[in-house]
Every structure is written in C-alpha cells, then in structure tokens.
1. Could you check region 3-28 and list, in sequence order, the residues that are in a loop (DSSP other than H, G, I, E, B) and closer than 18 Å to residue 83 by Cα?
2. Here are 87, 113: which of them is away from the ligand (no atom under 14 Å from the Cβ), in contact with a strand residue (DSSP E or B) (Cβ under 7 Å, 6 or more places away or on another chain) and in contact (Cβ under 8 Å) with a residue 12 or more places away in the chain?
3. When you scan region 8-42, how many residues do you find that are of a type in the set (Ser, Thr, Tyr), away from the ligand (no atom under 16 Å from the Cβ) and under 17 Å from the mean Cα position of the chain (by Cα)?
4. Of the residues 62, 9, 45, which is surrounded by 11 or more Cβ atoms within 10 Å (Cβ to Cβ) and basic (Lys, Arg)?
5. Which of the residues spanning region 63-99 are basic (Lys, Arg) and within 17 Å of residue 125 (Cα to Cα)?
6. Name the residue that is modelled with the lowest pLDDT, counting only residues in region 29-73 that are assigned to a loop (DSSP other than H, G, I, E, B) and among the aliphatic types (A, V, I, L, M).
7. Looking at 92, 51 in this structure, which one is within 16 Å of the ligand (Cβ to nearest atom), of a type outside the set (S, T, N, Q) and out of contact with any Pro (no Cβ under 9 Å at 6 or more places or on another chain)?
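The values are calculated or read from the model by the stated rules, or taken from the named source; none is laboratory data. Please read all numbers here as calculations on a predicted model, not as lab measurements. For neighbour counting, all protein chains shown are included, and Cβ atoms are generated from backbone atoms with ideal geometry for every residue, glycine included.
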Amino acid sequence: MNTLGRDVRLVDHDGTDVVLRDSELLGRQTSHRNSHRHPAGTVARPGEPCPACRWFEVEIYRHRDGYALVTVGKTQVIGEVDRLRVRTATSPYEVVELLTQHFDDGRLPRLPRASALALSRAAEHDDGIRDAYVNRAVA
Ligand SMILES: [Zn+2]
C-alpha cells in the first residue's frame, strides 16, 4: 500500500489540476455493495439510495505539504457521471473533520462507515491520523 515519494496527479470535478507531491496512500475504502436495493433489471431512481448503483470511494494521502482526501461519488446509472473531489488538509484533525458529515436538520454529525474504515487503515500508517481518529468527537 505504501508508495512513498510518488507524485499523484488528479483532476477535480471542477476542472482543477491537483498534484500531490511525494505522496503516500495511507488508507482507502469503498461503500460499494454487490446487491441492489430495488428490483432486478432496473436502476436506482434519482435520489434513491442503492450501494450497487451509486457509491462512495475515499482515499487518504499523506504528501509533502500535509494530507489530502480524494473522494469519488461513483455511479453506474446511465446519464450520471462520477464526481471526483480533492481536498487538502494541513493536519490530521482536519482530515477527520473533512470526512465528517454535518446535517442542517439537527441530526448529530457522523462519520460515514467507509470514511471510518479508511481512517482506521490510515491510522496504521500515520501517528497523527491515529491520534485524531482515536480522539475523534463523532461516532
Ligand atoms: Zn442498484
């Protein structure tokens, strides 16, 4: 998994080129599942959750200038496109915060399952991430 010193080049969905210098992949996870939640032979309707039609992939990198999160909203629904997003963080606490979902309707912030798994894997390879993960304030 460790690929120390690699330059990773990415294009964010808004068209921005991002280069992560001397980067190392610390952890990754997908929320993809093989079974659909709707009848066979159909695809998820707009807004309908189905982890076999639409899912989320997250990668956590350490690089020369800090950390980076690469998240991709993946889709197999015709007419929809994958959305890749790159966000950089200067501290491991910021990594945890960027992975935390916040809601406007009063629900408590939460760490999605795939993000928590990617973080737990990154914690094996980075002491700062381990500390931020262990001491996180969200479930
Ligand atoms: Zn589906």
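1. 12, 13, 14, 15, 16 - these are the residues of region 3-28 that are in a loop (DSSP other than H, G, I, E, B) and closer than 18 Å to residue 83 by Cα.
2. Of the residues listed, the single one that is away from the ligand (no atom under 14 Å from the Cβ), in contact with a strand residue (DSSP E or B) (Cβ under 7 Å, 6 or more places away or on another chain) and in contact (Cβ under 8 Å) with a residue 12 or more places away in the chain is 87.
3. 1
4. Matching residue, one of 62, 9, 45: 62.
5. Within region 63-99, just 64 meets the criteria.
6. 40
7. The match here is 51.
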